[in-house]
Amino acid sequence: MDPDRIDFSPLDPSRDRAAWERMVRAVAARGSAARRRPSPVLAQVVAWWRPTIALAAMAALLAWAPALLHAPRPAERSVSETGADPVVSTTWWALEGKAPAAAEFVPTMGAEDAPR
Amino acid sequence: MARGESNGELVARARAGDPGACEFLVRRHLRAGYAVALSVVRDPIEAEDVAQDAFALAFERLDDCREPERFAGWLLQIVRNQAFTALERKRVRGPTLDPAAGPELGAWGPAEHVHLRARLLSALATLPAVQREVVLLHDLEGWTHPEIANALELSELMSRQHLFHARKALRSFLGAGARLEDTRGP
């Protein structure tokens with residue numbers, strides 16, 4: 001024991017053993033929690049993943065929209081464009097009572113395949 | 001066994017997420033952290049808060065501790081920075097009561113210690129910062145001169161000199177106070 005030692009015991013927080021023990025455990029728990037927290041880079045990735053996914057989805061939609069708008073609708077296609085069977089096309093014209101246009105009739109009847 | 005483990009081994013285990021290692025590091029160094037915080041803020045309650053916050057920050061930044069064997073010195077530097085930040089915050093908030101007369105002094109410990117505590121804090125306030133750290137680490141925390149020299153990056157000789165001068169100044173201040181009280185006595 002050093003006889004010259006200054007007695008700082010009134011300033012010693014560990015004099016109250018129970019309070020000191022609580023403090024040690026609280027600090028250790030905070031420290032362990034801090035260690036469990038993800039690294040700053042990973043935390044940023046986790047924090048931003050939802051907005052990033054939303055932005056990516058929006059960008060994909062914007063890129064896809066023009067193609068969707070300009071694609072021909074099936075109803076607008078003529079019988080010839082669908083490449084239908086001549087029997088089916090003729091039946092359909094008969095049922096509808098509709099006279100086919102020459103541009104539809106000729107390819108449907110196979111004129112394009114005729115030898116030139 | 002954690003008690004016999006070096007700081008380096010405990011830091012490695014704490015980095016790996018071992019809560020037991022965190023607790024041993026706290027048990028080993030919290031009082032020293034408190035002593036350094038007290039030497040700066042000169043308020044026991046605030047020193048406790050500073051030491052706790054500094055530990056939480058140190059664990060958060062444990063991967064930045066490049067020399068785990070010198071964990072104590074690295075931690076005490078964080079404590080010192082936190083303590084100066086707390087002082088600055090206090091200064092910005094505006095003047096408060098002298099810590100030696102503040103109501104927080106009675107927040108822990110028996111009532112008869114309040115007066116002694118106030119006198120010790122007033123005496124410590126007369127010392128240069130480095131002497132306050134050395135005398136608190138040596139006489140309150142029980143560190144040896146090699147430990148103090150290593151943590152504060154001083155030579156052992158300087159540590160002994162600081163302790164000698166600090167004790168002399170404190171005895172002079174406390175002795176003068178005691179003599180003054182004797183003359184006021186019944």
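The values are calculated or read from the model by the stated rules, or taken from the named source; none is laboratory data. All values derive from a computational prediction rather than experimental measurement. Neighbour counts are summed over all protein chains in view; Cβ atoms, including those assigned to glycine, are modelled from backbone coordinates with ideal geometry.
Here's the yes/no breakdown for (1) surrounded by fewer than 21 Cβ atoms within 10 Å (Cβ to Cβ); (2) at pLDDT below 85:
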position: B:GLY94; (1), (2): yes, yes
position: B:HIS113; (1), (2): yes, yes
position: B:ALA118; (1), (2): yes, no
position: B:HIS138; (1), (2): no, no
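At pLDDT below 90, within 15 Å of the chain's Cα centre (by Cα) and in a helix (DSSP H, G or I), is that true of A:ARG50? The answer is yes for A:ARG50. Taking region A:1-30 as the range and being of a type in the set (Lys, Arg), at the interface with chain B (Cβ under 7 Å from one of its Cβ atoms) and under 58 Å from the mean Cα position of the chain (by Cα) as the test, only A:ARG30 passes.
For B:ALA21, the stated conditions do not hold, so it cannot be described as touching a helix residue (DSSP H, G or I) at 6+ places or on another chain (Cβ under 9 Å) and modelled with pLDDT of 95 or more. Among the residues making up region B:28-78, those that are in a helix (DSSP H, G or I) and charged (D, E, K, R) are B:ARG28, B:ARG31, B:GLU46, B:GLU48, B:ASP49, B:ASP53, B:GLU60, B:ASP63, B:ASP64, B:GLU69, B:ARG70. For region A:83-99, the criterion of being in a loop (DSSP other than H, G, I, E, B), at pLDDT 80 or above and over 30 Å from B:ARG171 (Cβ atoms) is satisfied by at least one residue.
One line per residue, one yes/no per condition, for (1) surrounded by 21 or more Cβ atoms within 10 Å (Cβ to Cβ); (2) more than 10 Å from chain A (Cβ to nearest Cβ); (3) touching a Leu at 6+ places or on another chain (Cβ under 8 Å); (4) not aliphatic (A, V, I, L, M):
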residue: B:GLY33; (1), (2), (3), (4): yes, no, yes, yes
residue: B:VAL36; (1), (2), (3), (4): yes, yes, yes, no
residue: B:VAL50; (1), (2), (3), (4): yes, yes, no, no
residue: B:GLN77; (1), (2), (3), (4): no, yes, no, yes
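Only a single criterion out of (1) crowded, with 22+ Cβ neighbours inside 10 Å; (2) out of contact with any Gly (no Cβ under 6 Å at 6 or more places or on another chain); (3) modelled with pLDDT under 95 is not satisfied by B:PHE59, namely (2).
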